[in-house]
């Protein structure tokens, strides 16, 4: 695990320092799910179903932003998701298959405010806020 969750008054930040592009994206999703569900992702029961998420963009910042916004939308819709089992990178596109859990959950409504790339090639800071209207 290459990420650190830092709670804020009305949201949280996730700092990621990964050793590869795949780890950066995988841990960005894991950190996002930790914020939504209130604890680090574990391996609750799964029936083997996956939810494919995709995002397009000109750089990793745009790809991460789009993927995490899609992840938040699906995770707060009531279905418990687990970190991806598979990631694929194409030209200007990323696909992640997130496992669906059979465990119930009460998601925290959040919105992604910003994705900032760090000094290293696989570093990022994600900023989240409580979703408006909740």
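Mean separation of Cα pairs under 8 Å and 6 or more residues apart, divided by the residue count, gives the stretch 3-130 a relative contact order of 31 percent.
Taken along the Cα-to-beta-carbon direction at a fixed 7 Å, the label points for residue 17 and residue 102 span 4.0 nm. Only helices enter the 222 nm calculation for the chain: every DSSP H run of n ≥ 4 contributes -39,500 (n - 2.57), and dividing by all residues gives -8000 deg cm²/dmol, rounded to 500. A compact globular protein would have a Cα radius of gyration near 2.2 N^0.38 Å; the ratio found for the chain is 0.97. Each of the peptides 4-10, 117-123 was scored by the mean count of other Cβ atoms within 10 Å over its residues; in descending order, highest first, they stand as 117-123, 4-10.
Working from label points 7 Å from Cα in the Cα-to-Cβ sense, the residue 93 to residue 5 distance is 3.2 nm.
Every number in this text was worked out from the coordinates using simple rules, so none of it is lab data. Predicted model only: the values in this text are computed from it and were never measured. Reconstructed Cβ throughout: ideal geometry from the backbone, glycine too, with neighbour counts over all protein chains shown.
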